[in-house]
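*Asks:* Take a look at this one; I'll ask things after.
The values are calculated or read from the model by the stated rules, or taken from the named source; none is laboratory data. Values in this document were obtained by computation on a predicted structure and should not be read as measured data. Cβ: placed from backbone, ideal geometry, glycine included. Neighbour counts: every protein chain shown.
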Amino acid sequence: MAEDHHKSSTLLQLEIALSKRIAIAIAVMAALIFLVWFFRIPNPNMILISGLVMCSALFGFGGGIAAAVIMFGYTLFFFSADHSFIRFSPENLMKVWASLFGIAADMLFVCFLKAAEMRAFREISRLTEQLRQQKESVSTLLNHMPVITFSKDAETGVYLACNQAFADYAGKNSPEGVTGLSDGEIFDGKTAEHFATDDRTALIMEKPYEFFEEVPDAAGNRRQLQTTKLKFREPSGRQCLLGMSLDVTELARIRLENAAAREAYEKARSSGIMFTHIAQTLAQGYTELFYVNLETQEFREYHTDEKDSGLAEVRQGQQFFAECQRNIGEQIYPDDRESIAGLMNRDTLLASLKKTAPLIVTYRLLRNGAPCYVSMKISRMKDDERFIVIGVTNIDEQIRHQKAMEQIREDHVAYTRLSALAGDFICVYVVNPATEAYREYNSPAGYESLRLPREGREFFAHARQRIRDCILPGDLERFLALFTREGVMAEISRSGVFVLRYQLVINDSPVHALLKAVLVEENEGPRLIVGVINVQTQVRQEEEYRMSLARAQEEARIDPLTGVKNRHAYLEEETLIDRQLAESAGENAPELALAIMDVNDLKEVNDRKGHQAGDQYIREAAGIIAGIFRQSQLFRIGGDEFLALVRGSDYARLEDLLQEMRDHNDRALREGGIVIAAGAARLEGDPSLAPVFQRADKIMYADKKRLKAARSI
């Protein structure tokens, strides 16, 4: 009703204003007509048309029509014969029509311009009213917000605006009472300086300055405020400061009263985070995790991300054991299908878990048509036995390495046994350690060139003298230094046996010999047994064994698909370099860099053409990388990821090699081919290779993103 009354009042005001304008227009035109009539002006229309234009322009349609009617009436009076208003000469009738058209054209043209002006004025009035309403709305919003808001001139510290809450805090009746004042003019000196200090801090910060403060209100009561201040610049260029404060006095009181509850919450939250971290850490190494409800057979499947090792849920499903049975034929290696099918039965699994918990099973999956060893660990939840957790770990590399090492150890044991059976003694002496009296126990035919008496005294002196004639010159000095009575007895006392290896010249040929001495108790007392054994065959076999061991170890470090070194080999190399860096303490660091390459689109090739095509794709990619990094050690550290340990000439030409890789990728994108993302980083004062790897990996992923964007164009 108030709104209707306002509209009625407005209409009444408009009607009054219109009536006044028409009356003024009539008066103006009447005055002009009186003027031209009184002075007998021969052509009055020039003056009257000016009056009509003025009335139309000033008073719009209403005034213009009134002025036009009066002017046309005078025109009829002026041009009619005897001022009859109705009788005209032909010439004057034409003037009347011309005046009529002129009056109409003037009224229409000028009044339409006035109407456009009025419409523009009304639109401006409407927008002004909207702006006023919006300002009132914003002002109402700010005044009803439970926060204190204000803005200041950063240079003068004068308040530019605030809401009612700040005005109340400042002891003013309205925000207008605050505008134009500074802190010193509103608050006491201590409070004003406190605010000014916070303002200076906020003005030098590039982000909002947030803090808690305790200040007195207008009544002198201490209040706790959570305040945020930030600087901003107006379009005019003036630097300003915006402030918002939330009164948290009651909240602080509640927090103090509930400190015990908060401490308990924080402890529980900390424990939850800790257990989450423990779960994430224990999940590292698992390729797949399943959380299974034994009653409903519903399950959740999780995978671990290769980059950050975090758990990620990939799907939820029903009938876990039925799905396992369906997948066995496709995913399990044929020789292991029967045992896994028998195990992955609900009743069988429950019975096994009652006997052994947790249950750990090793079997083989089918990967690219080849067996891959995995370990499956099945655990039942202690607090809720309806659920089990199944974790699958890829242990293929460990199993194969273990088998290779077991084979090497078996070969070594067999070799040792054969060597023991094939022992070839040159001679054996029994020596009295007290008197050095000796007797030869055995001297096979063919070794007479030693020329040591079969019996005698001063065993060590005779042996040291005669050995000069039959030992290789390079071993003589070492033999004389070690083979003394004191040295032999001391070593036997320490380790139980004295061993010395050297080379003899027998029948003009060098022969590897092993001298062993042990102390035994006989009826006559302690005796020193000294034997010289021909170990020529053993040395040759040991050399062959070392070569075989080296080959086996090398094969264990080679990726069978591409022929380059594998991840295990790189980890060994990384450990060696890290040790060197640690020992050198950053001094004389080697010149080396890491280049990481990632082969794009391998999954697409596997999906479209099969895994054999994917294997060929990887081999060809390895050939491309090896052709560019010719002087570098190349490793395959993942399914589609390679690493080059760059040294020497490749290190000096690293930028050229990366450009060569980019040129290859550009051709591959244009003509079709294998695209390989690459990134490299140099060792630059790093304590280990890990930071270098991280920098190179980051650059490689940026290049991978660029290449994918280029392919999609």
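*Asks:* Within segment 311-336, count every residue that is in contact with a strand residue (DSSP E or B) (Cβ under 9 Å, 6 or more places away or on another chain), over 15 Å from residue 301 (Cα atoms) and surrounded by 13 or more Cβ atoms within 10 Å (Cβ to Cβ).
*Replies:* Residues of segment 311-336 in contact with a strand residue (DSSP E or B) (Cβ under 9 Å, 6 or more places away or on another chain): 311-321, 323, 330-336.
Subsequent filtering for residues that are over 15 Å from residue 301 (Cα atoms) retains 330-336.
Of the ones still in play, those that are also surrounded by 13 or more Cβ atoms within 10 Å (Cβ to Cβ) are 331-333, 336.
Residues flagged as in contact with a strand residue (DSSP E or B) (Cβ under 9 Å, 6 or more places away or on another chain), over 15 Å from residue 301 (Cα atoms) and surrounded by 13 or more Cβ atoms within 10 Å (Cβ to Cβ) within segment 311-336 amount to 4.
*Asks:* Among the residues in segment 624-643, are any assigned by TED's automatic domain parsing to the domain that holds residue 566, part of a loop (DSSP other than H, G, I, E, B), β-branched (Val, Ile, Thr) and under 26 Å from residue 368 (Cβ atoms)?
*Replies:* Scanning segment 624-643 turns up at least one residue that is assigned by TED's automatic domain parsing to the domain that holds residue 566, part of a loop (DSSP other than H, G, I, E, B), β-branched (Val, Ile, Thr) and under 26 Å from residue 368 (Cβ atoms).
*Asks:* For segment 382-399, give me each residue that is modelled with pLDDT of 80 or more, over 30 Å from residue 559 (Cα atoms) and not aliphatic (A, V, I, L, M).
*Replies:* 386, 387
*Asks:* Right, residue 657: in contact with a helix residue (DSSP H, G or I) (Cβ under 6 Å, 6 or more places away or on another chain) and modelled with pLDDT of 95 or more or not?
*Replies:* Against the criterion (in contact with a helix residue (DSSP H, G or I) (Cβ under 6 Å, 6 or more places away or on another chain) and modelled with pLDDT of 95 or more), residue 657 qualifies.
*Asks:* Does segment 159-202 hold any residues that are in contact with a strand residue (DSSP E or B) (Cβ under 8 Å, 6 or more places away or on another chain), more than 18 Å from residue 226 (Cα to Cα) and in contact (Cβ under 8 Å) with a residue 40 or more places away in the chain, and which are they?
*Replies:* 160
*Asks:* Another question, then. Would segment 662-676 turn up any residue that is within 27 Å of residue 711 (Cβ to Cβ), touching a residue at least 40 places away in the same chain (Cβ under 8 Å) and assigned to a strand (DSSP E or B)?
*Replies:* yes
*Asks:* With respect to residue 647, is the statement that it is under 29 Å from the mean Cα position of the chain (by Cα) and surrounded by fewer than 18 Cβ atoms within 10 Å (Cβ to Cβ) true?
*Replies:* no
*Asks:* Name every residue in segment 449-507 that is at pLDDT 85 or above and hydroxyl-bearing (Ser, Thr, Tyr), in order of residue number.
*Replies:* 484, 493, 495, 502
*Asks:* What about residue 236, is it more than 16 Å from residue 148 (Cα to Cα) and at pLDDT below 85? First the steps, then the outcome.
*Replies:* Details: more than 16 Å from residue 148 (Cα to Cα): yes; at pLDDT below 85: yes.
Yes: the conditions hold for residue 236.
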